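Down below is the structure, laid out as structure tokens.
The values are calculated or read from the model by the stated rules, or taken from the named source; none is laboratory data. The structure displayed is predicted, hence computed values, not measured ones. Quick reminder, even Gly has a Cβ in these numbers, built from the backbone with ideal geometry, and neighbours come from all protein chains shown. The accessibility values were calculated without ligands, DNA or RNA, using every heavy atom of the protein model including side chains. Shrake-Rupley method; radii C 1.70, N 1.55, O 1.52, S 1.80 Å.
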Amino acid sequence: MTATIFIISGSIVGIGLGILISYFILKQTLTKRSIILLKKAEEDAEIFKKEKILQAKEKFLQLKGEHEKAVSEKNQQILATENRIKQKEGTLNMKLEETNRRMNETTKQKDMLNKQLSILSQKKEELDKQTLIQKEKLETIAEYSQQQAKEELVQLMQEEARAEAMVLVKDIIEEAKETANIEAKKIVIKSIQRTGVEASVENAVSVFNIENEEIKGRIIGREGRNIRTIENLTGVDVIIDDTPDAIVLSSFDPVRREIARLSLQKLVTDGRIHPARIEEVVAKTKKQIEQEIAEIGKRTCIDLGIHNLHHELMRMVGKMRYRSSYGQNLLQHSKEVANLCAIMAAELGLNPKLAKRAGLLHDIGKVPDTEPELPHAIFGAQLAEQLKERPEVVNAIGSHHDEMEMNSLISPIVQVCDAISGARPGARREVVEAYTKRLNDLETLALTYPGVMKTFAIQAGRELRVIVGADKVTDAQAEQLSFDLSKKIQNEMTYPGQIKITVIRETRSVNFAR
């Protein structure tokens with residue numbers, strides 16, 4: 001037991017001594033390494049310090065060089081400026097000397113002129129005295145004062161001038177009477193010769209060509225629903241008969257015919273022909289036609305050189321493309337009148353641009369969005385006045401059919417040119433105009449009843465289709481409306497044959513599954 005304790009104690013003492021010796025050895029090692037690292041750090045710091053000093057010296061030398069260069073350039077600029085100032089100073093001194101010299105010369109000339117004026121003034125006084133003496137001597141000899149002689153002479157000259165003027169005026173009036181008619185005819189003939197336009201004839205039908213007969217059946221649809229939808233939406237009578245590879249679109253309104261034609265073209269190209277698709281295509285086509293109308297109006301104004309025209313008037317000018325007057329295309333007629341007015345105004349020494357503007361707009365009362373009760377000339381004048389047109393243009397529009405009094409020289413020119421354009425052989429057809437007016441009256445008559453939303457005169461005026469609101473008109477009222485319309489048309493209108501009145505009342509319930 002004692003030996004064991006002794007061994008353990010010896011081991012502990014040995015371990016302690018080992019640890020102590022290891023500590024001293026490690027301490028000495030670390031001390032040496034610390035000294036080495038410290039020396040190395042001091043050497044690195046010294047090297048870094050020297051490098052930084054060298055960099056600072058280099059930067060200083062660089063900045064010093066740049067500064068000296070800038071100072072040198074600045075000194076050169078200062079020297080150049082000083083040289084320019086010296087040159088200008090020398091030039092100014094020379095000019096100043098020249099100015100002083102001229103002023104001296106001017107002063108001398110002024111003195112000489114004053115002397116001459118003084119001499120002339122003295123001579124004038126002497127001359128006036130001599131003249132007065134001569135006048136007094138003459139008055140004494142003639143026993144007649146100067147004022148009396150002057151009055152009699154003036155009176156005599158006035159009488160002679162008045163007599164000569166009367167003779168001259170009489171000759172001018174007689175010559176004007178002889179040549180006025182000849183000159184007027186020359187101006188009109190020149191204007192007509194310089195504006196040659198082909199005769200235009202408007203038709204009431206359009207032909208839509210198709211590739212094969214199968215398309216006719218698809219356009220008709222099951223139990224005719226497609227063709228009924230097209231006719232109800234466009235107001236055009238779609239005639240599908242035995243004519244090969246063709247469908248006839250009949251309507252007095254060219255805009256409706258064009259909408260129907262373009263819609264059919266899109267439907268046939270797309271291949272999907274059913275009522276919902278027809279409604280979508282017709283709606284898009286109507287927007288397309290409106291854009292085309294605006295573009296036609298804008299292009300017409302550019303072609304004619306008419307600027308700053310109100311956009312609404314420009315739209316109505318484009319709408320003329322789809323209107324006719326006695327079979328004559330209204331836009332073509334208005335362009336022809338505008339050119340004639342410009343030529344005639346130039347011949348007469350007036351403003352050709354103003355005359356051209358009035359000529360283009362003279363028939364805008366024929367293309368309203370609603371049917372007015374006023375004559376088209378008065379309505380057009382009111383419309384132009386509302387859209388801030390010039391008074392001369394407004395008066396020319398309103399007076400070209402003598403509904404208003406003419407108060408400018410442009411107005412008779414527009415009236416004459418309108419007559420020239422309309423009176424050309426083959427330009428107009430009274431029958432087409434009367435037919436169009438009858439169909440317009442037929443549609444307008446039906447629109448006066450409450451609950452009526454749309455009206456379409458189709459089948460060349462032999463059928464009137466009236467579309468009413470389902471929430472405003474009942475079935476019984478629709479029947480009564482058809483009867484009332486037939487009686488009113490019989491009593492108020494003149495027409496050949498008979499007219500069929502069809503009142504359509506439709507209820508639709510639409511929902512979307514999302």
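Could you please find all residues in the stretch 321-339 being out of contact with any Leu (no Cβ under 6 Å at 6 or more places or on another chain) and either within 19 Å of Ile306 (Cβ to Cβ) or modelled with pLDDT of 75 or more (or both)?
Result: Tyr322, Asn329, Leu330, Leu331, Gln332, His333, Lys335, Glu336, Val337, Asn339.
Could you pull out the residue among Ala381, Ala358 that is farther than 13 Å from Glu336 by Cα, outside any loop (DSSP other than H, G, I, E, B) and modelled with pLDDT of 85 or more?
Ala381
In the stretch 348-383, what residues are hydrophobic (A, V, I, L, M, F, W, C), within 15 Å of His307 (Cβ to Cβ) and surrounded by fewer than 22 Cβ atoms within 10 Å (Cβ to Cβ)?
Passing the criteria: only Leu354.
Which is at pLDDT 80 or above and under 30 Å from Cys341 (Cβ atoms), of Glu258, Glu178, Glu198?
Result: Glu258 is the single residue among Glu258, Glu178, Glu198 that is at pLDDT 80 or above and under 30 Å from Cys341 (Cβ atoms).
Regarding Thr4, is this residue exposed (fewer than 10 other Cβ atoms within 10 Å of the Cβ) and more than 60 Å from the chain's Cα centre (by Cα)?
So Thr4 passes the test.
When the stretch 450-471 is examined, which residues are found to be open to solvent by 50 Å² or more (accessible area, probe 1.4 Å) and within 42 Å of the chain's Cα centre (by Cα)?
Those that are open to solvent by 50 Å² or more (accessible area, probe 1.4 Å) and within 42 Å of the chain's Cα centre (by Cα): Pro450, Met453, Lys454, Gln459.
State whether one or more residues within the stretch 384-394 are open to solvent by less than 30 Å² (accessible area, probe 1.4 Å), in contact (Cβ under 8 Å) with a residue 40 or more places away in the chain and assigned to a helix (DSSP H, G or I).
Yes, the stretch 384-394 contains at least one residue that is open to solvent by less than 30 Å² (accessible area, probe 1.4 Å), in contact (Cβ under 8 Å) with a residue 40 or more places away in the chain and assigned to a helix (DSSP H, G or I).
Does Ala246 meet the test of being surrounded by fewer than 20 Cβ atoms within 10 Å (Cβ to Cβ) and touching a residue at least 24 places away in the same chain (Cβ under 8 Å)?
yes
Check Leu264 against each of (1) over 18 Å from Arg323 (Cα atoms); (2) open to solvent by 40 Å² or more (accessible area, probe 1.4 Å); (3) in contact with a Phe, Trp or Tyr (Cβ under 8 Å, 6 or more places away or on another chain) and name the one condition it does not meet.
Failed condition: (2).
Among all residue pairs at least 6 apart or on different chains, which show Cβ distances below 8 Å where the first residue, located in the stretch 277-292, is surrounded by 15 or more Cβ atoms within 10 Å (Cβ to Cβ) and the second is basic (Lys, Arg)?
The qualifying pairs are Val281/Lys266; Thr285/Lys266.
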